[in-house]
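Okay, structure first, notes after.
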Amino acid sequence: MKWIFLCLSMFFLAGCATYKQDIDAGLSLAKEGEWKKAEGKLEGVLDNSQDKLLYYMEIGALAQNQGDYERSNTLLEQAERLSDTFFQENFSNRSWALLSNPRQSDYRGSGMERIYISYLKSMNYLALAEQEQNTAKKRQLNDAAVVEVRRIDIKLNEIRAQNPSYQDLNAKENQAFYMKALSWLGNFYTGGRDTDQFLYRDDAWARYIEGLQYEISNEYDDARISYQKAANLYEDGYAKQYDLSSTTAERAWLDTIRMMQKGGFSQSDIQKKIKDKLSPDMQETLKQYHRGDAELVILEHQGFIPDKSEMTLLLFADPQAYSLVLEPLHGGGTAQTNDAFRWFTMVYADINPLNLIANYKAGGAWGTFSGIFTKRVILGRPVWQQLSAANVDKLLSQQPIRVTVPYYGRFTLDQHQPTLKMNGAATANHSLKMTSLADIAFQEQLAQAQRDIYEGLTRELLRSWLTYQITANVKDESASLILNLIGQVAVFASSAADTRNWLTLPAQVRLTREPLPPGEYTPDYNVNQKQFSLGKINLEANKIKLWNLRNPY
């Protein structure tokens, strides 16, 4: 029994190292556009019961990038079922993760990932419809794509019901000073940070895609409603939250107006909307659309969502203040260390008055200042006495406990402006970044950071305490000391954070829409010195040709 924790710790330490190496190897291949090789690498590391959801999402996305749309949908449908199943957490699964490391629990996915399962499935159905010659089968596949966007709508409505809307946030910003003060005071016990602003509450781009799918299916009123929802979301806060241009809202309003034109709205209503919502430049873009035109729509899915890293914190006891203190492990001036330290000060450092007071009592004026570099968990005397009765204070006095939490390092998105050439001639229209999945993932991690640190603290305290209790029962004092040292070192070394997420999703999506007279064209899309060609295509009157372009660079 006394060797169990040592053996388990070493086993999980080796497993985590292998997981990280294999994931990085697979991603490196994907970033070179080697989709098949990347799939083979990721299959091996994700083929286990805990990572089943990740397996289906990652391999499903890679299958789509290879043009294997039916297999992609089969895999993503499995992901769809698992993402719903995992809403109710398995108690035994979570308990085992608490005693080992969080990678031993089932991966449950994020709200954004659930949306993009259906998003990719809808892209698959449209691609299959494009390839289909039979008219009835083509219509059936287009209908299946619409079913997926309706799933997106249902999922987004579920997310909206659980989180404050942009209107709620705007109301909070505009409320009276005394109400803001009360809200500020209420944040004392959550680190003084209002995480509501980072929540994934809705998705303007997903709403826009709903509109595009409805437009492709000639359901113009449904398309208008979806485009308008997207426009309102971009205006209300989505564009600001994810650092997008305000032109995103204008683009959505332009397509709303086009659907109004197709839906028989009065000219006065249409003109009012044009005047209220479109700039002169966007009004000129609207004039490029003519009755009987075809349209080429390019969705450039560029780059990859950044992967998470692990930050190491050291846990100390402060008996005088009846509290626990966490501080980041300083490991030199590397870029990764600097990023980890910036994340700590941004998310965890003691900035609320209660912790500042406790730091002052513990260390005077310097103690208050040093709180910028620490996180203090104030337990109070009654709780501290319970920990003392369980000998946790003795455990912490022997050596610090290592706690690991996930974080995102700094990342930059590609800012190059793409150009589109039709039959060798450059077009006047510009691409527009419509969403940043990288920023959504980053902010979702910010929103759950407090939960991560308390779960990590609880897990490592429990593992260290169990190891301490087991070795304390060894009667030979020398053997007990040696075994305790070995056990604590093993637990220290094997501390791990859950850094899993869907890594083959794009970092951002850029939109290009080009209305054209019907005919044959050879589109070339150029960005960052890379050229992508669609080959010769035939654009039909009143039809949309969708180019789902996956740019790994």
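Could you please let me know if residue 309 is more than 20 Å from residue 546 (Cβ to Cβ), touching a Gly at 6+ places or on another chain (Cβ under 9 Å) and among the small types (Gly, Ala, Ser)?
yes
Could you tell me whether any residue of region 543-553 is at pLDDT below 95 and of a type in the set (S, T, N, Q)?
No, region 543-553 contains no residue that is at pLDDT below 95 and of a type in the set (S, T, N, Q).
Just to confirm my filter: which helices (runs of 4 or more DSSP H) fall fully inside region 20-101 and include at least 2 residues that are among the charged types (D, E, K, R) and modelled with pLDDT under 95?
It comes to 35-46, 69-85.
Looking at region 517-553, which of the residues that are within 30 Å of the chain's Cα centre (by Cα) and of a type in the set (D, E, K, R) is nearest to residue 301 (Cα to Cα)?
550
Restricting to region 263-288, name every residue that is open to solvent by 30 Å² or more (accessible area, probe 1.4 Å) and either in contact with a Leu (Cβ under 9 Å, 6 or more places away or on another chain) or of a type in the set (D, E, K, R) (or both).
Across region 263-288, the qualifying residues are 269, 272, 273, 275, 276, 277, 281, 283, 284, 287.
Do the conditions hold for residue 234, that is, is it open to solvent by less than 40 Å² (accessible area, probe 1.4 Å), in a loop (DSSP other than H, G, I, E, B) and out of contact with any strand residue (DSSP E or B) (no Cβ under 8 Å at 6 or more places or on another chain)?
Criteria not met by residue 234.
Give the residues of region 51-67 that are within 15 Å of residue 30 (Cβ to Cβ) and either open to solvent by 40 Å² or more (accessible area, probe 1.4 Å) or among the β-branched types (Val, Ile, Thr) (or both), sorted by residue number.
59, 66
Residue-wise test of (1) open to solvent by 30 Å² or more (accessible area, probe 1.4 Å); (2) touching a Ser or Thr at 6+ places or on another chain (Cβ under 7 Å); (3) polar (S, T, N, Q); (4) at pLDDT 90 or above.
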| position | (1), (2), (3), (4) |
| --- | --- |
| 403 | no, yes, no, yes |
| 406 | no, yes, no, yes |
| 420 | no, yes, no, yes |
| 430 | yes, no, no, no |
| 436 | no, no, yes, yes |
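Could you grab the pairs with beta carbons closer than 6 Å, sequence gap of 6+ or different chains, first residue in region 417-438 and in contact (Cβ under 8 Å) with a residue 40 or more places away in the chain and over 30 Å from residue 198 (Cα atoms), second one open to solvent by less than 60 Å² (accessible area, probe 1.4 Å) and of a type in the set (A, V, I, L, M)?
Here the result reads 427/420, each pair linking region 417-438 to a residue that is open to solvent by less than 60 Å² (accessible area, probe 1.4 Å) and of a type in the set (A, V, I, L, M).
Using the structure shown, decide if residue 125 is assigned to a helix (DSSP H, G or I) and over 18 Å from residue 205 (Cα atoms).
Yes; evaluated as a whole, the condition is true for this residue.
Considering region 255-295 alone, what residues qualify as being in a loop (DSSP other than H, G, I, E, B) and not hydrophobic (A, V, I, L, M, F, W, C)?
Those that are in a loop (DSSP other than H, G, I, E, B) and not hydrophobic (A, V, I, L, M, F, W, C): 263, 264, 266, 279, 288, 289, 290, 291, 292, 293.
Please go through (1) over 16 Å from residue 547 (Cβ atoms); (2) surrounded by fewer than 17 Cβ atoms within 10 Å (Cβ to Cβ) for residue 131 and return the number of the only condition it doesn't satisfy.
(1)
Considering only region 150-170, state which residues are among the hydrophobic types (A, V, I, L, M, F, W, C) and surrounded by fewer than 17 Cβ atoms within 10 Å (Cβ to Cβ).
154, 161 - these are the residues of region 150-170 that are among the hydrophobic types (A, V, I, L, M, F, W, C) and surrounded by fewer than 17 Cβ atoms within 10 Å (Cβ to Cβ).
The values are calculated or read from the model by the stated rules, or taken from the named source; none is laboratory data. In this text, all values refer to a predicted model and were calculated from it rather than measured experimentally. Using ideal geometry, Cβ is built from the backbone for each residue, glycine included, and neighbour counts are taken over all protein chains shown. These area figures cover heavy atoms from the full protein model, side chains too; ligands, DNA and RNA do not enter into them. Shrake-Rupley method; radii C 1.70, N 1.55, O 1.52, S 1.80 Å.
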